[in-house]
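The values are calculated or read from the model by the stated rules, or taken from the named source; none is laboratory data. Being a predicted model, the structure only gives us computed values, none of them experimental. In this analysis, Cβ positions are derived from the backbone assuming ideal geometry, glycine residues included, and neighbour counts consider all displayed protein chains.
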Amino acid sequence: MSLMDRIKDCLGTDLIEISEFRGDVCVEIPKNRVIEAMTSLKEKGGFDFLSDVFGVDNIDLYAAKAKKAKKKKKGEEEEEEPKKQGPPPPRFEVIYLLLSLKTNERLQVRVRVPEDSMDVPSVTGIWKAATWPEREAFDMYGFKFKGHPNLRRLLMWDEFKDHPLRKDYPLEGKGEERHLNYDTV
Amino acid sequence: MAKEIETVCVTTGPAEVGDYVALNIGPIHPAMHGTLRVITRTDGETIISAEPEIGYLHRGVEKLGENLTYRQFLPLTDRLNYCSAICNNVAYELAVEKALGIEVPEKAQLLRIIMMELARIADHQVLVGILGVDLGALTPFFYLIIQREEIYEIFEWHHGARLTNSMGTIGGVEAELPDRFHEKWPKMRDSIRKANDETDRLLTHNRIWMDRTIGVNAFCADDALNWGFTGPMLRACGVKRDLRKDEPYLMYDKFDFEVPTGKHGDVFDRYMIRMLEMEESIKIIDQAYAMYQDMPDDAPLMKKVPKIIKPPEGQIYHAIESPNGELGFFIKSDGTDKPYRIKIRPPCYMVYQAFGELVQGEMISDLIACLSSINVIAGELDR
Amino acid sequence: MNFQAIQGEGWLLCKAEQLINWGRSRSPWPFPYGTACCGIELMCALASGYDMARFGAERVAFTPRQCDVLIEAGTITKKMVPVLKRIYDQMAEPKWVIAVGACACTGGVFRTYSTQQGIGSIIPVDIYIPGCPPRPEGILYALLKLIDKIEADHPLYKKRQQVVEALEAGK
Amino acid sequence: MADWQIDLIKVVFIWVWALLIAVVMTWVERRASAMMQDRLGPNRAGPFGLFQPLADGIKLFTKEDIIPEKARKILFVLGPPLFALPAFSAYAVVPFGDKIVLGGKEIILQVSDVNIGFLYVLALGAIGVYGMVIGGWASNSKYSILGGLRATAQLISYEVPMGLALLTIVLLYGTFSLREMVLLQQGTFLGFLPNWGIFKQPLGFIIFLVAAYAEANRVPFDLPECESELVTGYHTEYGSMRLGLYLFGEYVNLGTLAAITVSLFFGGWALPYVDMSKFLGPVAYGIASFTVFFLKQAFFLFLFVWVRWTVPRFRYDQLMGLGWKALIPLGLVNLFVTALLVQLTI
């Protein structure tokens, strides 16, 4: 049985989309079913090792795609107004990299997170390895991992306001500075 | 007494104030490699809880990567794990090559293997040396550093830099092995072995060394896997996992080498595994060098790659076995010449997050030993 | 010995200054503030091949009270800035600073939200070493330059001027 | 010459000598460590860098003197001298040469031959600890206080085995005076061995040496300082000449310990098998006996350096374990056996 079939078996109805690119299989699961899907992937699917957890901000990707689509449309013919699409696609993704130690297969699990509800179930209960990566994802994108034991900023200092890896945060920052008052403690 | 000292220390760490003394170690502390900080609560010398704080070297490499082209990002990978920059370079090159769907010529692969294994030796030498320094034995460090300089010399001959190598490029390697390598290597192999042997005699069976390292922060394999350990740290716990064997990349499946494993996951096992791995690396270089010499002189070193690299849209993850463990690059491409998202999976990051659990109940001296044996490189930890 | 020679104004001051400078320039104890890649090169400069100890930079201590030269090797992030300031403040006069590497000088390639663009805006720097990272020879050269600088200093004369100014102000 | 003049000369001489040893030792340590580590070591100040300690001294003297705001000022100031001075004072009872007769006057090459010189040395050694503890406490810094606490525990634990080892020597020689002990070590024993303490008390010597390393805070027992853990331990907050006194006191301490080792276990100023006084004039004999003593002492000083750069450091609990579980029982057994033997032979 191929990897894709096994994952389909394992996830069942939780599977939204499965794709393959250069041998890397990527599956998408719904946000509210993360814990269940991960548990079944770990126990039934044999993906017992969590490599990494991180976020992706897709806002620019969508913008670029929309631009491209518009261009194409313009090039073709001026047709009627584009049909009203559904709600805009969720802005963020959380990607989990899983690994099976027995078969040495890797799997990317994607969870789409809309901007207006940033809470994602934390997988720290399944793998402790997710502790810092989730903190970092919170730091960099602002995901709120529900059930995380200690969700504080990891790389930036505590008083930092923004989430620097979001695409709308400028590369050179907004001039934040860190001040420490040593004598107040 | 505890209260009085409390007022002096600066902590932003765990808030609970008990009868324990909060001791802030780092970021400027001899054993903290410049940028690490651990906030501990101690009862006398015993550690009740330890919480590492990182981010003092967070330079925004990932954000920078999104604003640079694929080729421009290569030099930045040097600055991740600066002890073995070549492994980072090759890992990144392999990831981009995977996204492009190309494979480099065999000669370039061999060159990469030779250089990577040299870098691995250099990295392990620093680790063993620093571990010695932190446990009070300064002299082996100097013996190992001399050998490291020799390795740097080879790097310099090949691509012109000592530390931040930026070796090779996407699609291959620019230059063949320098001519002087052919004379140098047999001599260097012996001197590396000699230095290792000297270190071994100074440390391994030294009673004090054994007391200080055996059984110190031992870790079991299940916990290690749960925490996401890889590389020597995981092998020290007794799990035989090496990406060079398990998910062979380049030509590692053609070489004959052992994967040393430990049993208890204590500092001594970590140290021994690194010592043994250096020997294995020498073996690999010998084999790769022999294969390299069998290659025809005009064998290609580079695959043809377009000047502006534009991988098709998609996302890939590729990992290699760096000296510290699994070093992976996740690249999400949107079809332009810049990566849309680039994520580095540093090996020591996963290990260091378990630090609190590793050192709990041990003494302050063991904390230092543990930190050195993990080999935390701030550059790749904070990125 | 010509008695006239030692009668000139400031002869004693001058000789004492020379003695102090001799002592200071021959024992610049470093504070190795190595944060990143340059820290490794600094380590190499201190170790066998290059041996900074030859110039008296022998006793590497990580406590700012006991050091003379703050060798800042590596990137300073914005998170680290208060720490660096604090360390510099804790050092006892006279103190010198060497900024090793592009990151310490200008921020280098890391022109990002979290990197301090050069430590010159936080603490006074005596010697800048370019390079990413500079070779150990570069660090040694900087140390020699610093020694030259120390030898050209006038510790007592400055002190005397301060005293004179204070007296005049007191009048 | 009046007696007090002779005494004054001796005091000045021993003072300068102790200072010189400490100064030269800093240089020896650096150069020897460099030698062992394939380096050169300091070589810019004077020939072979010989004036390096002088340069350090000038620099430390002219550095800003910082007393941390939250430190206990008086104790902070008191710490370094309290550490360095007892080490100097202990030299007073060290016999650095034999008795010589000059102008009909007997001069003993020792500042004062106290009949309990032995206890005096032990007592002063114990006072030196206060320098460290007070320094660590007064700094009001956690690393310092940890260093100070370690120093207390370590030095108190190692005083005991040291005392036990020395008691056997007292049993053996039946005196507390260091000079008499040296005199008793002349001649041979079992026909061919020099009559030295080390051959009569090998176990006692080993216990004493280990305890001496611990007393001197040298690797593998340098826990109070412990560079990689406690930054620099009890003198973390000290700078300028106060630090200089601590560093200096350490070397003076080494000199004292080496001198006592030589007097107790290695026959002091006397050469084995040869009686120098028979064919040397009084002055020459004085110088020769002093040279012999100095050479022996130098060997032990070098041994300190040698060990320093070879072995790693103990952990705190292991150090305590070694002291209480190994050295003290061994010392007791040794004491018991010695007492038995002494009783039987008398």
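The table that follows gives values for the structure above.
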{"quantity": "From the options A:Ala129, A:Ala137, residue that is at the interface with another protein chain (Cβ under 9 Å from one of its Cβ atoms), under 27 Å from B:Thr230 (Cβ atoms) and touching a Gly at 6+ places or on another chain (Cβ under 6 Å)", "calculated": "A:Ala129"}
{"quantity": "Selection within region C:24-74 - away from chain D (no Cβ under 14 Å), at pLDDT 85 or above and in a helix (DSSP H, G or I)", "calculated": "C:Cys38, C:Gly39, C:Ile40, C:Glu41, C:Leu42"}
{"quantity": "One residue from D:Phe83, D:Phe48 being of a type outside the set (S, T, N, Q), assigned to a helix (DSSP H, G or I), more than 7 Å from every other protein chain (Cβ to nearest Cβ) and at positive phi", "calculated": "D:Phe48"}
{"quantity": "Region D:53-68: number of residues that are surrounded by fewer than 18 Cβ atoms within 10 Å (Cβ to Cβ) and more than 7 Å from chain C (Cβ to nearest Cβ)", "calculated": "3"}
{"quantity": "Residue within region A:70-90 that is within 19 Å of the chain's Cα centre (by Cα), at pLDDT 85 or above and not in a helix (DSSP H, G or I) present", "calculated": "no"}
{"quantity": "Leading residue by the ranking (farthest from the other protein chains (Cβ to nearest Cβ)) among those in region C:98-114 that are buried (at least 23 other Cβ atoms within 10 Å of the Cβ) and of a type in the set (Val, Ile, Thr)", "calculated": "C:Ile98"}
{"quantity": "Filtered residue count, region B:316-370, keeping only those that are within 11 Å of chain A (Cβ to nearest Cβ), under 23 Å from the mean Cα position of the chain (by Cα) and hydroxyl-bearing (Ser, Thr, Tyr)", "calculated": "3"}
{"quantity": "Test: residue in region B:372-382 that is farther than 25 Å from B:Asp123 by Cβ, charged (D, E, K, R) and crowded, with 23+ Cβ neighbours inside 10 Å", "calculated": "no"}
{"quantity": "Selected residue (only one of B:His29, B:His33 is out of contact with any helix residue (DSSP H, G or I) (no Cβ under 8 Å at 6 or more places or on another chain), at pLDDT below 85 and within 20 Å of C:Thr75 (Cα to Cα))", "calculated": "B:His29"}
{"quantity": "Subset tally (residues that are of a type in the set (Val, Ile, Thr), touching a strand residue (DSSP E or B) at 6+ places or on another chain (Cβ under 7 Å) and in a loop (DSSP other than H, G, I, E, B)) for region B:23-51", "calculated": "1"}
{"quantity": "Any hit, region B:258-271, residues being over 30 Å from B:Leu64 (Cα atoms), surrounded by 19 or more Cβ atoms within 10 Å (Cβ to Cβ) and in contact with a Pro (Cβ under 8 Å, 6 or more places away or on another chain)", "calculated": "yes"}
{"quantity": "Out of B:Asp297, B:Asp286, sole residue that is closer than 22 Å to B:Asp197 by Cα, of a type in the set (D, E, K, R) and either out of contact with any Gly (no Cβ under 8 Å at 6 or more places or on another chain) or in a loop (DSSP other than H, G, I, E, B) (or both)", "calculated": "B:Asp286"}
{"quantity": "Residue in region D:266-277 that is within 14 Å of chain B (Cβ to nearest Cβ), touching a Lys or Arg at 6+ places or on another chain (Cβ under 8 Å) and not charged (D, E, K, R) present", "calculated": "no"}
{"quantity": "Residues located in region D:249-274, provided they are aromatic (Phe, Trp, Tyr) and more than 22 Å from D:Leu190 (Cβ to Cβ)", "calculated": "D:Tyr251, D:Trp269"}
{"quantity": "Region D:217-245 residues that are more than 20 Å from B:Ile364 (Cβ to Cβ), paired with ones that are assigned to a loop (DSSP other than H, G, I, E, B) and among the hydrophobic types (A, V, I, L, M, F, W, C) (beta carbon under 6 Å, 6 or more apart)", "calculated": "D:Gly239/C:Ala92; D:Gly239/D:Ile66"}
{"quantity": "Region A:47-65, residues that are part of a strand (DSSP E or B) and within 15 Å of A:Met140 (Cα to Cα)", "calculated": "A:Asp52, A:Val53, A:Phe54, A:Gly55, A:Val56, A:Asp57"}
{"quantity": "Count - residues of region A:97-116 that are under 18 Å from A:Phe145 (Cβ atoms) and in contact with a strand residue (DSSP E or B) (Cβ under 8 Å, 6 or more places away or on another chain)", "calculated": "9"}
{"quantity": "2 or more residues under 12 Å from the mean Cα position of the chain (by Cα): qualifying helices (runs of 4 or more DSSP H) within region D:174-270", "calculated": "D:202-215, D:240-265"}
{"quantity": "Filter result for D:Thr152 (assigned to a helix (DSSP H, G or I) and not aromatic (Phe, Trp, Tyr))", "calculated": "yes"}
{"quantity": "Within region B:321-372, tally of residues that are touching a Lys or Arg at 6+ places or on another chain (Cβ under 8 Å) and of a type in the set (Val, Ile, Thr)", "calculated": "4"}
{"quantity": "Count of region C:115-132 residues which are more than 10 Å from every other protein chain (Cβ to nearest Cβ), hydroxyl-bearing (Ser, Thr, Tyr) and either in contact (Cβ under 8 Å) with a residue 24 or more places away in the chain or touching a Pro at 6+ places or on another chain (Cβ under 9 Å) (or both)", "calculated": "1"}
{"quantity": "Any hit, region B:69-81, residues being in contact with a Leu (Cβ under 8 Å, 6 or more places away or on another chain), buried (at least 21 other Cβ atoms within 10 Å of the Cβ), assigned to a helix (DSSP H, G or I) and of a type in the set (Val, Ile, Thr)", "calculated": "no"}
{"quantity": "Enumeration of residues in region B:95-108 that are in a helix (DSSP H, G or I), more than 12 Å from every other protein chain (Cβ to nearest Cβ) and either at pLDDT below 85 or surrounded by fewer than 24 Cβ atoms within 10 Å (Cβ to Cβ) (or both)", "calculated": "B:Glu106, B:Lys107"}
{"quantity": "Selection within region C:75-101 - assigned to a helix (DSSP H, G or I) and either in contact with a strand residue (DSSP E or B) (Cβ under 8 Å, 6 or more places away or on another chain) or polar (S, T, N, Q) (or both)", "calculated": "C:Leu84, C:Ile87, C:Tyr88, C:Gln90, C:Gly101"}
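Conditions tested, residue by residue: (1) more than 24 Å from D:Leu183 (Cα to Cα); (2) in a helix (DSSP H, G or I); (3) at pLDDT below 85.
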site: D:Leu119; (1), (2), (3): no, yes, yes
site: D:Leu124; (1), (2), (3): no, yes, yes
site: D:Val129; (1), (2), (3): yes, yes, yes
site: D:Ile134; (1), (2), (3): yes, yes, no
site: D:Ala138; (1), (2), (3): yes, yes, no
site: D:Ile156; (1), (2), (3): yes, yes, yes
site: D:Val160; (1), (2), (3): yes, yes, no
site: D:Leu164; (1), (2), (3): no, yes, no
site: D:Ile169; (1), (2), (3): no, yes, yes
